[in-house]
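Participant: Please see the structure below; I have some questions.
Values quoted throughout were computed directly from the atomic coordinates according to the rules given, and no laboratory measurement underlies them. None of the values given here were measured: they were computed from a predicted structure. Every residue, glycine as well, gets a Cβ built from its backbone with ideal geometry; the counts of neighbours run over all protein chains shown.
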Amino acid sequence: MDSSSFSSTYDPKGESDAGELHVLAVDDSVVERLFLERMLKDSEYKVTTAENGVRALEYLGLLGDAGEGAQNKTDLKVNLIITDYCMPGMTGYELLKKIKEISYLKEIPVVIMSSENIPTRIEKCLEEGAEEFMLKPIQQSDVKRLRCHVKSLNQPSPGRLCLGR
């Protein structure tokens with residue numbers, strides 16, 4: 001995989017004929033990114049991957065030099081963003097904050113994942129608007145749970161409890 005490009009089978013409507021949900025998965029580790037992509041695809045998600053926060057912002061059309069990879073804000077249809085917390089250049093927390101600052105993106109659910117269980121970090125992410133903070137290694141049951149965050153866009157739930165098992 002070319003680390004300077006996105007991995008995607010992009011459908012501008014965000015759904016294939018089968019009604020797949022489109023997830024933007026961000027992780028600086030190639031192994032973790034491929035593992036997450038495979039688990040998401042196995043759960044019938046459409047997946048676009050980015051190797052860092054800057055590339056994710058480019059894909060979302062938030063950086064001026066995004067070029068052809070950027071989508072017009074009216075064309076972009078990402079149903080959920082899942083990002084690693086610890087990445088060089090821009091943390092998952094910083095990416096979360098930037099996404100939540102943009103009016104047409106702030107309703108997209110963002111899930112942060114990390115191998116480090118640091119309560120203050122988890123609380124900070126949830127306070128900033130993350131739907132959930134998942135500990136790595138991500139399991140298939142975690143991936144199944146993501147679907148309820150997407151549904152919460154159309155049917156808000158009163159809390160953060162999301163069981164997908």
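Participant: First measure r as the distance between the Cβ atoms of Ser103 and Glu123, then evaluate 1/(1 + (r/R0)^6) with R0 = 30 Å and state the FRET efficiency to the nearest 0.05.
Facilitator: 0.75
Participant: If the limit is 25 Å between Cα atoms, which of Lys97/Lys136; Lys46/Lys124; Lys98/Lys136; Lys41/Lys98; Lys46/Lys106 go over it?
Facilitator: In this structure, Lys46/Lys124; Lys41/Lys98 exceed 25 Å between Cα atoms.
Participant: With no solvent and one equal point scatterer per Cα, compute the Debye intensity ratio I(q)/I(0) for the stretch 72-122 at 0.21, 0.32, 0.33 Å⁻¹ and report its log10, rounded to two decimals.
Facilitator: -0.79, -1.28, -1.31
Participant: To continue, here is another question. Taking θ = phi - 60°, what integer Hz values does the Karplus form 6.51 cos²θ - 1.76 cosθ + 1.60 yield along the stretch 50-58, in sequence order, with x for Gly and Pro?
Facilitator: With the stated coefficients, the stretch 50-58 comes to 9, 8, 6, x, 5, 5, 5, 5, 4 Hz.
Participant: A further question on this structure: Calculate the translational D of the stretch 84-151 in whole µm² s⁻¹ from Stokes-Einstein, where the hydrodynamic radius comes from the Kirkwood formula applied to all Cα pairs, the temperature is 4 °C and the viscosity 1.567 mPa s.
Facilitator: So the translational diffusion coefficient is about 105 µm²/s.
Participant: Now for a separate question. Each residue of the stretch 31-45 in order: what ³J(HN,Hα) in whole Hz does its phi give by Karplus 6.51 cos²θ - 1.76 cosθ + 1.60, θ = phi - 60°, with x for Gly and Pro?
Facilitator: Along the stretch 31-45, the couplings run 4, 4, 5, 5, 5, 5, 4, 5, 5, 5, 5, 4, 9, 6, 9 Hz.
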